[in-house]
């Protein structure tokens, strides 16, 4: 798996590209009238993956558009432009060029408790899909093995969401998200007919978050998926601990990940302070055969060791080694990535 995992190899047709660009242009025009400045963000990257002695390469560009329209409306979209270069037995390398959209949505902020979302949106199940899938955020190159549970199809849904904050004070806050997705067999904007939601409790003093997710696939075979997650970021040390468990109709599993930025040694801009070791352990358990959930066909264990280096000017170098164990065979996985994070306004705003 690679950065294409959340995208699931969606290709964008000429007609779909024109439609999405038209939506963006309309929002940009409205934003110009409102004197709100749209932002273009994202990252460019070059990754390598060596699995079982075979090395593949993947240059990618992931632009993000965020265009506010007044005080209550926001348009946002993230695209992928990826060239996958994969080894083929006895024939050299095969190249596949992909242009895809992870999401393209409009957010309407009704009040502090309700935000309405419409369009092609990331499904709010678990934590990886919405929070860690961008290449400039994810400390490791690969998605967790259980990513496919609760994220059917492309990991995005065509429809609407209602999300917001139920209650918030100095001791705790509770947030929620619900969604409904219509089914679409168009491979450019692919989604499954599904519904579900998520509830999260955050304790600011402990910097601890506990959440649960539910998803129901409403296609011919109606199936349920449930998940829980725990995140902890201590206040006094640059440590992050993330964990997640998910159970689907044919498989289940968990992952636990921790990373520690060595910024306490002479500051985050020192040579050693730019280092960030990462460790992740994960397991999947196959309950019954299924060719569509994109999880391993056999019970699988995997351990990842990563070391990221934060260079100046928003450049980061990721390196990792993983050992994967299953009845189909054990394999070593070596990965590297060079990532450049960019952010700039589309034009100068008024002071």
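Within the range 82-122, count every residue that is more than 30 Å from residue 164 (Cα to Cα) and not in a strand (DSSP E or B).
3
Between a residue in the range 262-288 that is at positive phi and any residue that is exposed (fewer than 14 other Cβ atoms within 10 Å of the Cβ), which pairs come within a Cβ distance under 7 Å, given they are 6 or more apart or on different chains?
266/272
For the range 84-94, which positions are over 12 Å from residue 55 (Cβ atoms) and surrounded by fewer than 14 Cβ atoms within 10 Å (Cβ to Cβ)?
Those that are over 12 Å from residue 55 (Cβ atoms) and surrounded by fewer than 14 Cβ atoms within 10 Å (Cβ to Cβ): 88, 89, 90, 91, 92, 94.
Given the structure, is residue 71 in contact with a strand residue (DSSP E or B) (Cβ under 9 Å, 6 or more places away or on another chain), in contact (Cβ under 8 Å) with a residue 12 or more places away in the chain, surrounded by fewer than 15 Cβ atoms within 10 Å (Cβ to Cβ) and assigned to a loop (DSSP other than H, G, I, E, B)?
It is true that residue 71 is in contact with a strand residue (DSSP E or B) (Cβ under 9 Å, 6 or more places away or on another chain), in contact (Cβ under 8 Å) with a residue 12 or more places away in the chain, surrounded by fewer than 15 Cβ atoms within 10 Å (Cβ to Cβ) and assigned to a loop (DSSP other than H, G, I, E, B).
Got a sec? Which of 62, 158 is at pLDDT 90 or above and under 26 Å from residue 225 (Cβ atoms)?
None of the others qualify; the one that does is 158.
To keep it simple, each residue is scored yes or no on (1) over 30 Å from residue 69 (Cα atoms); (2) modelled with pLDDT under 95; (3) buried (at least 17 other Cβ atoms within 10 Å of the Cβ); (4) touching a helix residue (DSSP H, G or I) at 6+ places or on another chain (Cβ under 6 Å).
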site: 242; (1), (2), (3), (4): yes, no, yes, no
site: 245; (1), (2), (3), (4): yes, no, yes, no
site: 252; (1), (2), (3), (4): yes, no, yes, no
site: 264; (1), (2), (3), (4): yes, yes, no, no
site: 268; (1), (2), (3), (4): yes, yes, no, no
site: 318; (1), (2), (3), (4): yes, no, yes, no
site: 327; (1), (2), (3), (4): yes, yes, no, no
site: 336; (1), (2), (3), (4): yes, no, no, no
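Provide a single number: the residues in the range 213-229 that are surrounded by fewer than 14 Cβ atoms within 10 Å (Cβ to Cβ) and part of a strand (DSSP E or B).
The number of residues fulfilling the criteria is 1.
The values are calculated or read from the model by the stated rules, or taken from the named source; none is laboratory data. Every value quoted in this text rests on a predicted model; they were computed, and no experiment measured them. Don't worry about glycine lacking a Cβ; one is built from the backbone with ideal geometry, like all the others, and counts go over all protein chains shown.
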